[in-house]
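What follows is a short report on a single structure.
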Amino acid sequence: MIFDYSEHTQHMINRVRRFMDEYIYPNEQLYEEQLRSTGELWYEPPILEELKAEAKKQNLWNLFLPESDGGAGLTNLEYAPLAEEMGKVLWASEVFNCSAPDTGNMEVLERYGTDEQKERWLKPLLAGEIRSAFLMTEPDVASSDARNISTSIVRDGDEYIINGRKWWSSGVYNPRCNIWIVMGKTDPDAPTYTQQSMILVEPDTSGVEFVRHLPVMGYDDSPHGHGEIAFDNVRVPAANMLLGEGRGFEIAQGRLGPGRIHHCMRTIGVAERVLGMMCQRLTERKAFGQVLSDMTLWQQRVGEARIKINQARLLTLDAAHKMDTIGNKAARAEIAMIKVAAPRMACEIIDMAIQAFGGAGIAPDFNLPYYYAQIRTLRLADGPDEVHNRTIARLEFKKHM
Ligand SMILES: Cc1cc2nc3c(=O)[nH]c(=O)nc-3n(C[C@H](O)[C@H](O)[C@H](O)COP(=O)(O)OP(=O)(O)OC[C@H]3O[C@@H](n4cnc5c(N)ncnc54)[C@H](O)[C@@H]3O)c2cc1C
């Protein structure tokens, strides 16, 4: 399979690159300064809104969505290189309204939401006015097996009552995070895959408790943050149910394919940027009378890094192509493969870069520790490597039975 970019895709890549060059890279420092300027942890840098307005004006907005849903009408294969460009700066995808977990949540609302739910939450999400969170993982059960999720959602007249505890709920501390998709059990006695449901909850509902903030390897991940959330007899209108009782797994299947591949595409962008930084550093530093880039050892490492990035990119494009042509379900092995391969590759390259930079690699100056922390979490978030390898292995064994 040859993945030549079409004229249209190349045009879009150029536009996103130009935007990154003109608006994102020059504002990286300002973003960091504004983020810490008030001492308030969840303060959103005002530059973010300014850049969002510019991206919207340039029609570089909701690029992940089909045209009929108000997006750019790109296939996964066409969107992949754009997400890679955005991934080079960890907060940039939000500028284009293409960030996690909102892209996945918007797709859920678009596909499964009622007209009322769409009007109330999808519309402002598509406009970039609010943000959202996806609450599945629970501290008390092994959540990589979603069948274990035990938060209860019980019907009571025209309401549902929610009880349980979630954690690693990404984005809940963002002041603009106004809607959560919560997964729980509506019927523990139903067949395994129809016990779970997904329901929409507004964070200011009575009975919702923000238990604690969870830093990522010491990083606060401001202005979004990850939280542990307790639900104590939280009542929401019955109209907040998504798709219907017992349809939670069905929604999860639909949601996770695109969400996973978007993460991988951005991760390849991180790896590219870090490799570029590493090459520059290696050509600038001299040790033992030799420029580091002239040392065979570093040439070998850089060669390996290039091979690994290209391998991961091709695997990701293959998954994107399969999702576009045979559908997310049939492409589940390819999606699982890139979910394992891309973060692992990027972790290796960031680690290599830390070594190349010496002490500066560990200092905050080049952001390498933060890149590492962010990418390392992707070997867990959306399911740990082992679970994806299990999917691949099962399909592989089936072929030989
Ligand atoms: C930064 C970050 C952000 C996150 N954001 C969100 C979010 O927004 N919403 C949300 O709901 N969750 C989120 N998560 C949670 C994440 O999806 C879970 O941590 C992940 O699915 C694993 O679940 P668990 O932590 O319960 O681990 P467990 O299920 O307890 O698994 C622990 C370990 O057991 C091993 N294991 C599990 N199954 C197998 C197997 N079949 N074979 C071999 N070994 C196995 C793996 O090594 C695994 O890491 C986030 C996590 C992080 C770190």
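Since every read-out is calculated from the coordinates, none of them should be taken as a lab result. Source: prediction; values computed, not measured. Cβ: placed from backbone, ideal geometry, glycine included. Neighbour counts: every protein chain shown.
What is the helix-to-structure angle for 76-87, meaning the angle in degrees between its Cα long axis and the longest Cα principal axis of the chain, kept from 0 to 90 and rounded to the nearest 10?
70
Sequence neighbours fewer than 8 away in the same chain don't count; with that in mind, list the lysines whose C-alpha is under 18 Å from Lys399.
Lys329
Rounded to the nearest 5, what is the percent of antiparallel bridges among the DSSP beta bridges in the chain?
Given both bridge residues lie in the chain, the antiparallel proportion sits at roughly 85 percent.
Under unit Cβ charges (Lys, Arg +1; Asp, Glu -1), what dipole magnitude, rounded to 20 debye, does region 7-99 have relative to its Cα centre?
Roughly 140 debye for region 7-99.
Only Lys, Arg, Asp and Glu count, each charged at its Cβ (+1, +1, -1, -1), so figure out the dipole size of the chain about its Cα centre, rounded to 20 debye.
1240
At 0.36 nm per residue, and after removing the present C-alpha to C-alpha distance, how many nm does the segment from Val154 to Glu129 gain when stretched out fully?
The span from Val154 to Glu129 would gain 5.9 nm if fully extended.
Sorting Met295, Met241, Met278 on the 10 Å Cβ count, fewest up front, what's the list?
Placing the least packed residue first, the sequence is Met295, Met241, Met278.
Residue by residue, what Karplus-based ³J(HN,Hα) values in Hz, rounded to whole numbers, does region 157-162 have, using 6.51, -1.76 and 1.60 with θ = phi - 60° and x for Gly and Pro?
x, 9, 10, 10, 10, 10
Compare the peptides 126-139, 347-360 by average per-residue count of other Cβ atoms within 10 angstrom and give them in order, highest first.
Highest to lowest by the protection proxy: 126-139, 347-360.
Between the helical axis of 102-112 and the dominant principal axis of the chain, each derived from Cα atoms, what acute angle in degrees is found, rounded to the nearest 10?
It works out to around 40 degrees.
Rounding to the nearest 10 and keeping the result within 0 to 90°, find how far the Cα-based axis of helix 296-326 lies from the longest principal axis of the chain.
Once rounded, one gets 30 degrees.
Indicate the gyration tensor shape class of region 176-286 (rounded, prolate or oblate), computed on the Cα atoms with a ≥ b ≥ c the square roots of the eigenvalues: a/c under 1.5 is rounded; otherwise a/b larger than b/c is prolate and the rest oblate.
Judged from the Cα gyration tensor, region 176-286 comes out prolate (a/c at least 1.5, a/b above b/c).
Could you list Ser170, Ser144 in order of exposure, starting from the residue whose Cβ has the fewest other Cβ atoms within 10 Å?
Ser144, Ser170
So what's the chain giving for Cα Rg divided by 2.2 N^0.38 Å, two decimals?
Here the answer is 1.00, to two decimals.
Using a Förster distance of 35 angstrom, determine the FRET efficiency expected from the C-beta separation of Ala360 and Asp4, and round it to 0.05.
E between Ala360 and Asp4, to the nearest 0.05, is 0.35.
For Lys118, Lys339, what ranking results if the residue with the fewest other Cβ atoms within 10 Å of its Cβ goes first?
Exposure proxy ranking, most exposed first: Lys118, Lys339.
Report the label-to-label distance for Asp204 and Thr114 in nanometres (one decimal), using points 7 Å from each Cα along the Cα→Cβ vector.
Rounded to a tenth, the inter-label distance reads 2.3 nm.
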